[in-house]
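Student: The structure's right below; bear with me while I get my questions together.
The values are calculated or read from the model by the stated rules, or taken from the named source; none is laboratory data. No experiment lies behind these values; they were computed from the predicted model shown. Here the Cβ positions follow ideal geometry from the backbone for every residue, glycine too, while neighbour counts run over all protein chains shown.
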Amino acid sequence: MSDYTTVYGSLNDFTPGGVDPINDDPKNYVFSNVFDVASRSQPYERVAVGKNLEYALEVVRAEGESPWYTAAHDEFALCMDGQVEIHLVKLDDPDAVVAPDSEGAHLVDGMPEGRKMGRIVLNRGHQALLPPGAAYRFSAESPGVLLMQTIFGPCTVERWAEICQSEPMKLD
Amino acid sequence: MNEMANSGTLQSHFKINPASNETGYKAYEAGSFKFKRDEYFVEIAWPNGTHRMAADDFMRALMRDVAWGFFYGTIAFDEVFGTTNHYGIVDMFAGTYHEVYKAAGRDHLEQFRAEELLKLMKDMVEDWTNEGYDPFAAPGEAGAGVPWGRKNGDNHDAVNRIRVTAERMVGLPGDAVIRTDDNGYPKNRMLADVAEDQPLVEAEPGFEKEVAAFNLYDYLSRSDVTWNPSVCSVVKESLFCPTSEEFSLPVEHGNDRCEWFVQLSDHIAWDVKDRDTGRPRAKLVMRAGDVACMPADIRHRGYSPKRSMLLVWENASPRVPEMIQKGEAPVVAVQF
């Protein structure tokens, strides 16, 4: 038995830290918490919590069944809370669904046309590949949280002022 | 810390001196910088100054600088000495980013070709690491060993670990392999309670290479190094570089670009200072689920009282060094 207990956050139990500025603006650190963001998100909103030029980190509140998405490049989903199932379909004509030089996740109209690729079930700490040319859909019986490694796209939601610390905070 | 790029004459003098009869350690020269170590300390000398660091502090910092290939921006071994990466050219400096040294004219900076300086530093970390000492380990770990004393054997395996760089994602066929007891990666004592279950993956025939997932947290709980980000998944130039952290970051990392952190478990406290002057700017505490971005004009050092899991998110685009040179890279990642 371990002598140490690893502390995770969850939708129901998270304690954010923060920025205690000495001579700085806390907004410079773009400080947020994925569980806090997910707790205030609609199911399957893809809310940006990280921006590195065109690249994005998105937080997704997984709850119920998502729409189908696809992208012209790899994406990755890291499950940070709950259990999330992913279904994958190899699109018959991916370029007709999303331009090959496009960036970010795009919604697929209706059911994707193509062969079933398989399914993945993620628990906390599990990370899945979402390959290009595939459509994917998430489902979660209970609310969970995904962190997406992707690129800014039409589904990305930006509301930095709502999610980030903007005032000084005295840290314990 | 970046305006010095290509501004000076490249140094070509490198020398490895024979082992000292007294301590058994070799001494090194890079340009006009000279390095020697004794049983407890490393002494660094340059034309108008000298500096000492405890061998433990120096070796932990040297190990990261070597393993990271000078990383992004500045690796400050302490408030006086360090290196700055200009991607092909590297500054070695003393006092350059210390207000008092600078004002007194006691600062010194020389430039080197990265591969030539790295070769010398690799020899240094190899020679100055004794048997049983692991500069990648946190001091509380059973295998950390001690750096002190006269030259006593070596620890070739520890200092020559290959930094894992997944091409696409850990666990994919032909890519970086997942860590297990069987391939030499037991659970770390402080992350022994991290679940070991692997995701359920059901691939239809023909899609076995594309339907893939792995347990990142279990992978990190088996890391045998601290403060050494390794690439685990790649979206074009966007790199997920998670790492396990314990004790303190052995260097002050001076950013030349924005650098994102996602705290996956436990917590880390960060001290943030102005990159060029060292004046304090902020303190951060990051708890599980927190996301923060270090601005491009700071230096930072982290403190992790328990081994924690941290996701470092980097942009490795070859455009970024050029943007930095032109002053076009954002200093703050997001304005709101």
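Student: From A:F14, A:F35, A:F76, A:F31, which residue is over 30 Å from A:K170 (Cα atoms), within 19 Å of the chain's Cα centre (by Cα) and surrounded by 20 or more Cβ atoms within 10 Å (Cβ to Cβ)?
Tutor: A:F76
Student: Also, quick follow-up: Has the stretch A:68-85 got any residue that is more than 7 Å from chain B (Cβ to nearest Cβ) and over 26 Å from B:L311 (Cα atoms)?
Tutor: Yes, there is a match, as at least one residue in the stretch A:68-85 is more than 7 Å from chain B (Cβ to nearest Cβ) and over 26 Å from B:L311 (Cα atoms).
Student: Here is a follow-up. Please go through the stretch A:92-123 and give me each residue that is within 14 Å of chain B (Cβ to nearest Cβ), closer than 25 Å to A:S41 by Cβ and either surrounded by 21 or more Cβ atoms within 10 Å (Cβ to Cβ) or without any contact (Cβ under 8 Å) to a residue 40 or more places away in the chain (or both), ordered by number.
Tutor: Of everything in the stretch A:92-123, those that are within 14 Å of chain B (Cβ to nearest Cβ), closer than 25 Å to A:S41 by Cβ and either surrounded by 21 or more Cβ atoms within 10 Å (Cβ to Cβ) or without any contact (Cβ under 8 Å) to a residue 40 or more places away in the chain (or both) turn out to be A:E103, A:G104, A:A105, A:R119, A:I120, A:V121, A:L122.
Student: Identify, from the list B:K273, B:K326, the residue that is more than 20 Å from the chain's Cα centre (by Cα), more than 8 Å from chain A (Cβ to nearest Cβ) and either buried (at least 20 other Cβ atoms within 10 Å of the Cβ) or without any contact (Cβ under 8 Å) to a residue 40 or more places away in the chain (or both).
Tutor: Exactly one residue qualifies, and that residue is B:K326.
Student: Collect the residues in the stretch B:301-312 that are within 11 Å of chain A (Cβ to nearest Cβ) and surrounded by 23 or more Cβ atoms within 10 Å (Cβ to Cβ), keeping them in residue-number order.
Tutor: Listed by number, the residues that qualify are B:R307, B:S308, B:M309, B:L311.
Student: While we're looking at this one, here's another question. Pairs only if they're at least six apart or on different chains, beta carbon under 6 angstrom, first in the stretch B:181-202 and free of Cβ contacts under 8 Å to residues at least 12 places away in the same chain, second in a loop (DSSP other than H, G, I, E, B); list them, first residue then second.
Tutor: B:D193/A:S2; B:D193/A:T6
Student: Of the conditions (1) of a type outside the set (D, E); (2) at pLDDT below 95; (3) under 30 Å from A:S102 (Cβ atoms), B:V225 clears all except one; give me its number.
Tutor: Evaluating B:V225 over (1) of a type outside the set (D, E); (2) at pLDDT below 95; (3) under 30 Å from A:S102 (Cβ atoms) leaves (3) as the failure.
Student: Among the candidates B:F207, B:F214, which residue alone is at the interface with chain A (Cβ under 7 Å from one of its Cβ atoms), over 21 Å from A:A105 (Cβ atoms) and more than 25 Å from the chain's Cα centre (by Cα)?
Tutor: After applying the criteria, what remains is B:F214.
Student: I'd like to check something: does the stretch B:289-296 contain any residue that is in contact with a Pro (Cβ under 8 Å, 6 or more places away or on another chain), within 27 Å of B:D107 (Cβ to Cβ) and either outside the structural domain of B:E141 (by TED's automatic domain parsing) or part of a strand (DSSP E or B) (or both)? Break it down into steps so the answer makes sense when it comes.
Tutor: The first filter runs over the stretch B:289-296 and keeps only residues in contact with a Pro (Cβ under 8 Å, 6 or more places away or on another chain), leaving B:289-290, B:296.
Applying the additional criterion that residues be within 27 Å of B:D107 (Cβ to Cβ) yields B:296.
Now restrict to residues that are either outside the structural domain of B:E141 (by TED's automatic domain parsing) or part of a strand (DSSP E or B) (or both): B:296.
Looking through the stretch B:289-296, at least one residue is in contact with a Pro (Cβ under 8 Å, 6 or more places away or on another chain), within 27 Å of B:D107 (Cβ to Cβ) and either outside the structural domain of B:E141 (by TED's automatic domain parsing) or part of a strand (DSSP E or B) (or both).
Student: Please work out which residue is nearest to the chain's Cα centre (by Cα), limiting yourself to the stretch B:98-119 and to residues that are surrounded by fewer than 18 Cβ atoms within 10 Å (Cβ to Cβ) and closer than 19 Å to B:A67 by Cα.
Tutor: B:L118
Student: Output yes when any residue across the stretch A:28-36 is in a loop (DSSP other than H, G, I, E, B) and either over 25 Å from A:A105 (Cα atoms) or more than 8 Å from chain B (Cβ to nearest Cβ) (or both), and no when none is.
Tutor: No, the stretch A:28-36 contains no residue that is in a loop (DSSP other than H, G, I, E, B) and either over 25 Å from A:A105 (Cα atoms) or more than 8 Å from chain B (Cβ to nearest Cβ) (or both).
Student: Run B:E252 past the list (1) crowded, with 19+ Cβ neighbours inside 10 Å; (2) facing chain A (nearest Cβ under 8 Å) and report the number of the one that doesn't hold.
Tutor: Condition (2) is where B:E252 drops out.
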